[in-house]
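A.B. asks: Dropping the structure in here first, questions after.
The values are calculated or read from the model by the stated rules, or taken from the named source; none is laboratory data. Here the structure is a predicted model, which is why all the values come from computation and not from measurement. Reconstructed Cβ throughout: ideal geometry from the backbone, glycine too, with neighbour counts over all protein chains shown. When the accessible area is computed, the model is the full protein with side chains, heavy atoms only, and any ligands, DNA or RNA have been set aside. Shrake-Rupley method; radii C 1.70, N 1.55, O 1.52, S 1.80 Å.
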Amino acid sequence: MRNRAAKTAAAMSTTTATAPQPAKKRTSPGQFLREVRGEARKITWTTRRETWITSVMVAIMVVLASAYFFGVDLVISWAVSLFLKLANAG
């Protein structure tokens, strides 16, 4: 296992050390804006209905999570107060 790891490390260090870094091509502002516009056209926007359904589902999950944590908090606080009462009684 060590031998394989050593070979891998050696192979990676030689490839990164000897591989020349290609020069970065500069992009003009006009070309950049054309590329941004082209990428923006690929965006699939959600419909009003999809947005509404997702928002309602998020609200439901928030209510459920808050009810769960409220219940857990009640149980833990009850257990701690019971433990403290028993500790003070003895």
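A.B. asks: With the checklist (1) modelled with pLDDT of 90 or more; (2) outside any helix (DSSP H, G or I); (3) surrounded by fewer than 10 Cβ atoms within 10 Å (Cβ to Cβ) in hand, flag the one item Gln21 doesn't pass.
C.D. replies: Going through (1) modelled with pLDDT of 90 or more; (2) outside any helix (DSSP H, G or I); (3) surrounded by fewer than 10 Cβ atoms within 10 Å (Cβ to Cβ) one by one, Gln21 breaks only (1).
A.B. asks: In segment 47-70, how many are of a type outside the set (A, V, I, L, M, F, W, C) and open to solvent by 90 Å² or more (accessible area, probe 1.4 Å)?
C.D. replies: Summing the residues that are of a type outside the set (A, V, I, L, M, F, W, C) and open to solvent by 90 Å² or more (accessible area, probe 1.4 Å) in segment 47-70 gives 4.
A.B. asks: Sticking with this structure for a sec: Just the residues that are open to solvent by less than 80 Å² (accessible area, probe 1.4 Å) and in a loop (DSSP other than H, G, I, E, B), please, taken from segment 28-42.
C.D. replies: Selection gives Ser28 alone.
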